Amino acid sequence: MEHRVLRLCLSLVFLLGITQLEAQINVTMRLNTATNRDTLRPTHFVQIRGEATSTVIPAITWDQASGLIMQNKGGDYWECKFKMNPGTVVKYKFWTGFNATTGTFFWTGWEGPLTSAAGGGNRQFIAGNTDTVLNLQFYNGNETEKAQ
């Protein structure tokens, strides 16, 4: 009897774990860096840095350890795909560099301040319940606050 109960408990833990993974949505974030004061080449580095209220895969952090590294899609266009739980709130900024540690001119790689519900000059995204491709965003290369 004990073995049956143990098996049942383990099965439930396994199934709940899979349900959690299946509940995540796919997010595609796109960026145009034409407004960056430095010219970025396809071999340069663009990253999404910030924080989240729940799991984001790969993980997002406010430093170079953030796993949200954007890929060049041609010219000034960059893209990143990641997974997150529905309802997760992400506060973030784009960071640009010539590599992972040397930021572009002006704000040492960080984009300028933004107006959003997140406050603090950051962008904000709240995950819905289905896969999503966000509208194209533009890097704020100025010290003037811009709307997200």
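The values are calculated or read from the model by the stated rules, or taken from the named source; none is laboratory data. Quantities reported herein were computed from a predicted structural model and do not represent experimental measurements. Counting neighbours? That spans all protein chains shown, and the Cβs are built from the backbone with ideal geometry, glycine included.
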Matching option when the condition is modelled with pLDDT of 95 or more and β-branched (V, I, T), among T19, T115, T61, T39: T61
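Rundown of residues vs (1) closer than 15 Å to Q47 by Cβ; (2) in a strand (DSSP E or B), yes/no style:
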| site | (1), (2) |
| --- | --- |
| Q71 | yes, yes |
| W78 | yes, yes |
| K81 | yes, yes |
| G87 | no, no |
| V90 | yes, yes |
| F94 | yes, yes |
| A100 | yes, no |
| G112 | no, no |
Mind listing whichever residues of region 20-69 are in a strand (DSSP E or B) and out of contact with any Phe, Trp or Tyr (no Cβ under 9 Å at 6 or more places or on another chain)? I25
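For (1) hydrophobic (A, V, I, L, M, F, W, C); (2) within 17 Å of M29 (Cα to Cα), each residue gets a yes or a no:
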| site | (1), (2) |
| --- | --- |
| N99 | no, no |
| G103 | no, no |
| A117 | yes, no |
| G121 | no, no |
| N140 | no, yes |
| K146 | no, no |
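How about region 118-137: which of its residues are surrounded by fewer than 16 Cβ atoms within 10 Å (Cβ to Cβ) and not in a loop (DSSP other than H, G, I, E, B)? I'd like the intermediate steps shown before the answer.
Taking region 118-137 and keeping what is surrounded by fewer than 16 Cβ atoms within 10 Å (Cβ to Cβ), we get 119-120, 126, 128-136.
Across region 118-137, the qualifying residues are I126, T132, V133.
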The conditions are (1) within 26 Å of T43 (Cβ to Cβ); (2) touching a strand residue (DSSP E or B) at 6+ places or on another chain (Cβ under 7 Å), and A127 fails exactly one of them. Which is it? (1)
Which ones in region 62-117 are surrounded by fewer than 14 Cβ atoms within 10 Å (Cβ to Cβ) and among the acidic types (D, E)? D63
If you check every pair at least six apart or on different chains, which have Cβ atoms under 7 Å apart with a residue in region 107-134 that is more than 19 Å from D63 (Cα to Cα) and in contact (Cβ under 8 Å) with a residue 24 or more places away in the chain first and a residue that is crowded, with 17+ Cβ neighbours inside 10 Å and hydroxyl-bearing (S, T, Y) second? A127/T88
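Step by step: first the residues of region 138-148, then only those that are touching a Lys or Arg at 6+ places or on another chain (Cβ under 7 Å) and touching a residue at least 60 places away in the same chain (Cβ under 8 Å), then the one that is surrounded by the most Cβ atoms within 10 Å (Cβ to Cβ). Which residue is that? Break it down into steps so the answer makes sense when it comes.
From region 138-148, those touching a Lys or Arg at 6+ places or on another chain (Cβ under 7 Å) are 140-141, 148; that's our starting set.
Remaining after also requiring touching a residue at least 60 places away in the same chain (Cβ under 8 Å): 140-141.
Working: N140: 23, G141: 20.
In this case the residue turns out to be N140.
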How many residues does region 21-48 hold that are touching an Asp or Glu at 6+ places or on another chain (Cβ under 8 Å), surrounded by fewer than 20 Cβ atoms within 10 Å (Cβ to Cβ) and not β-branched (V, I, T)? 4
Looking at (1) out of contact with any Phe, Trp or Tyr (no Cβ under 7 Å at 6 or more places or on another chain); (2) of a type in the set (G, A, S); (3) over 21 Å from A34 (Cβ atoms), find the lone condition where A100 falls short. (1)
